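Enquirer: This is the structure I want to talk about, given as structure tokens.
The values are calculated or read from the model by the stated rules, or taken from the named source; none is laboratory data. Predicted, not measured: the structure shown is a model, and the values here were computed from it. Cβ coordinates were reconstructed from backbone atoms using ideal geometry, including for glycine residues, and neighbour counts include every protein chain displayed. All accessible areas refer to the heavy atoms of the entire protein, side chains included, with ligands and DNA or RNA removed. Shrake-Rupley method; radii C 1.70, N 1.55, O 1.52, S 1.80 Å.
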Amino acid sequence: MSSFPTTLPPVDITPLRGGATLRWGVLAPGGIAGSWVASAHSNTDQRVHAVASRSLDRAQVFAAKHGIDRAYGSYEELVGDPGIDIVYVAAPHTEHLRLALLAIAAGKHVLVEKPMAMSPAEARELAAAARAAGVFAMEAMWSRFLPQTSIVARLLADGVLGEVKQVLADFGAAFPYDPEGRWFNPALGGGALLDIGIYPAWYSHFVLGKPQSVTARGSFAPTGVDAQSAVVLDYASGAQAIVTMTMWAETPVTASISGTAARLDTLAPFLAPSGIRLVSGAQSLEWIDKSGLTWNEGLCYEATAVAQHVADGLTESPLHTLDDTIEVLEVLEEARAQLGTA
């Protein structure tokens, strides 16, 4: 059992400025695309050079707002642009596979919004295509690239917590109910598990890996999508993870890892820039993110990490591999099947 440390490990991330850069293109200029581009342009040296939508007008408005050089009225035009190195796919979940395959076929690297696909089978198809083409592909699990996550990873690797016994993570927000909107529309891949549940599910996987079994309970929105769930994950080591999600109410949005030697809390919101606290009895150490970045402003960290991965000749991230993506989707698919929504 490790003794309680006197200091926390230093942050270990790709610097936001001064490193490798890529020429980015964006497919589908929706809300998350706007947040991603704004964060990347404000905080890094990465630049988006083209945006595409099925509506040229929409692409042009987005381009003007974010200082993007080129706007296209079709996705095919953008992936055919020789001035683009990598495509960020920001469409609804149901379009991720199709658009990622389009970009891969054109020889572009891809960063695909979470969830990377609607199912593990789709994610495997996407991964196989990227590997065959020799291009970089990654799910945009931005929380993995935050400064606080690098500290958590080091503490886990050093065994500071002892044997991990329990992981808790939650994400809940009061989403405005719109049966035609992305969150509640089954035709757009709606539901809490795939949209926000992927964050606590990812966190448990980040800490404990692939579970031995999945047990899910939940309730539904009037449209039939899962609106609220609690999922228990059991592991061969005897550890458990309990992850919860809801689209009906605000929750603490925290995460904790409890081990035989210490407990590690990731402060609210655990999926965005926040902080951590290491506790053992009366002893504690704390790290607070003082970058000034909040919530989606933290999207910039994955942009610089991806650029460095590509510069290093990698075709996937060692921090969030394609197999990691597939295994998290396997958990979500099993949970959805038990609820009757898969």
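Enquirer: State to the nearest 20 debye the size of the charge dipole of the stretch 1-148 about its Cα centre, where the only charges are +1 on K and R beta carbons and -1 on D and E beta carbons.
Expert: With Lys and Arg at +1 and Asp and Glu at -1, about 120 debye.
Enquirer: Among M118, P147, V26, whose Cα lies farthest out toward the positive end of the dipole of the chain, if unit charges sit on the beta carbon of Lys, Arg (+1) and Asp, Glu (-1)?
Expert: So the residue we want is P147.
Enquirer: For the stretch 237-304 and the stretch 1-73, write down the distance between their C-alpha centroids in whole Å.
Expert: The distance from the Cα centre of the stretch 237-304 to that of the stretch 1-73 comes to 23 Å.
Enquirer: Okay, helix-only estimate at 222 nm for the chain: each DSSP H run of n ≥ 4 adds -39500 (n - 2.57), divide by all residues, round to 500 deg cm²/dmol; what do you get?
Expert: Value at 222 nm, helices only, nearest 500: -9500 deg cm²/dmol.
Enquirer: Moving on. About the Cα centre, and with charges only on the beta carbon of Lys, Arg (+1) and Asp, Glu (-1), how big is the dipole of the stretch 74-197? Nearest 20 debye, please.
Expert: So the magnitude is around 400 debye.
Enquirer: Can I ask one more? What FRET efficiency, computed as 1/(1 + (r/R0)^6) with R0 = 25 Å and r the Cβ-Cβ distance, is obtained for V61 and T294, rounded to the nearest 0.05?
Expert: Plugging the Cβ-Cβ distance into 1/(1 + (r/R0)^6) gives 0.45.
Enquirer: How long are the three semi-axes of the equivalent ellipsoid of the stretch 101-191, in whole Å, if each is the root of 5 times an eigenvalue of the C-alpha gyration tensor, listed from largest down?
Expert: Listed largest to smallest, the semi-axes of the stretch 101-191 are 29, 24, 12 Å.
Enquirer: Looking at the P(r) of the chain, how many percent of alpha-carbon pairs lie beyond 30 Å?
Expert: 35
Enquirer: Another one. Quick check: residue separation of A20 and Y177 times 0.36 nm, minus the Cα distance between them. What number comes out in nm?
Expert: Full extension from A20 to Y177 adds 52.3 nm.
Enquirer: If you don't mind, there's one more thing I want to ask. Given a 1.4 Å probe and every protein chain left where it sits, what share in percent of the accessible area of the stretch 170-234 is carbon and sulfur?
Expert: 56
Enquirer: At q = 0.22 Å⁻¹, what base-10 log of I(q)/I(0) does the Debye formula yield for the stretch 263-337 when every alpha carbon is treated as an equal point scatterer in vacuo?
Expert: Debye output, listed in q order: -1.04.
Enquirer: Another question, then. Over the chain, what is the relative contact order in percent, taking alpha-carbon pairs closer than 8 angstrom and at least six residues apart?
Expert: 20
Enquirer: Under a Cβ-Cβ cut-off of 11 Å, what is the net charge of the residues other than S150 that fall near it, where Lys and Arg count +1 and Asp and Glu count -1?
Expert: Residues close to S150 contribute a combined charge of +1.
Enquirer: Another question about this same structure. Please report the projected area of the stretch 1-146's Cα convex hull averaged over all directions, in nm².
Expert: Convex hull of Cα atoms, orientation-averaged projection: 11.2 nm².
Enquirer: In the stretch 289-342, if the dipole is taken from +1 on Lys/Arg beta carbons and -1 on Asp/Glu beta carbons about the Cα centre, which of V310, C300, V331 is farthest to the positive end?
Expert: Farthest towards the positive end: C300.
Enquirer: Give me the percent relative contact order of the stretch 235-342, please, defined on Cα pairs under 8 angstrom at least 6 residues apart.
Expert: 12
Enquirer: Let me ask another. At a 1.4 Å probe, what is the % contribution of carbon and sulfur to the accessible area of the stretch 24-155?
Expert: Carbon and sulfur: 52 percent of the exposed surface of the stretch 24-155.
Enquirer: How large is the dipole of the chain about the Cα centre if only Lys and Arg carry +1 and Asp and Glu carry -1, each at its Cβ, rounded to the nearest 20 debye?
Expert: So the dipole magnitude of the chain works out to roughly 320 debye.
Enquirer: Quick one: pull the percent of accessible area on the stretch 297-336 belonging to carbon and sulfur, 1.4 Å probe, ligands and nucleic acids left out.
Expert: That fraction is 44 percent.
Enquirer: Can you tell me the accessible area per residue over the chain, all protein chains present, probe 1.4 angstrom, in square angstrom?
Expert: Result: 39 Å² per residue.
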